[in-house]
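The values are calculated or read from the model by the stated rules, or taken from the named source; none is laboratory data. All of these numbers come straight from a predicted model, not from anything done at the bench. Quick reminder, even Gly has a Cβ in these numbers, built from the backbone with ideal geometry, and neighbours come from all protein chains shown.
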């Protein structure tokens, strides 16, 4: 399955602190983002799992894949 990398969002909760992770990703998808990468070197596995679960639900049905960076235990 080929992925569309034309507009690739790399983010974490700290980068989205003002508007929130989910709201930021939702707005990005509405704006045309074709892939989302969750990358947070400082979050615990539990926090990353919670974030990834919420983003997966948000992205479901959108056709936008979610990539988890550097966390095999979360992916």
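Among all residue pairs at least 6 apart or on different chains, which show Cβ distances below 8 Å where the first residue, located in region 49-75, is farther than 14 Å from residue 37 by Cα and the second is at pLDDT 95 or above and surrounded by 10 or more Cβ atoms within 10 Å (Cβ to Cβ)?
Note: pairs meeting the criteria are 62/29.
When only residues in region 35-62 that are farther than 21 Å from residue 5 by Cβ and touching a strand residue (DSSP E or B) at 6+ places or on another chain (Cβ under 8 Å) count, which is surrounded by the fewest Cβ atoms within 10 Å (Cβ to Cβ)?
51
Filter region 1-18 for residues that are under 12 Å from residue 64 (Cβ atoms) and in contact with a helix residue (DSSP H, G or I) (Cβ under 9 Å, 6 or more places away or on another chain) and give the result. Talk me through it step by step, then tell me what you get.
Of the residues in region 1-18, the ones under 12 Å from residue 64 (Cβ atoms) are 3-9.
Scanning region 1-18 gives 7, 9.
Regarding residue 13, is this residue crowded, with 18+ Cβ neighbours inside 10 Å, at pLDDT below 95, under 12 Å from the mean Cα position of the chain (by Cα) and in a loop (DSSP other than H, G, I, E, B)?
yes
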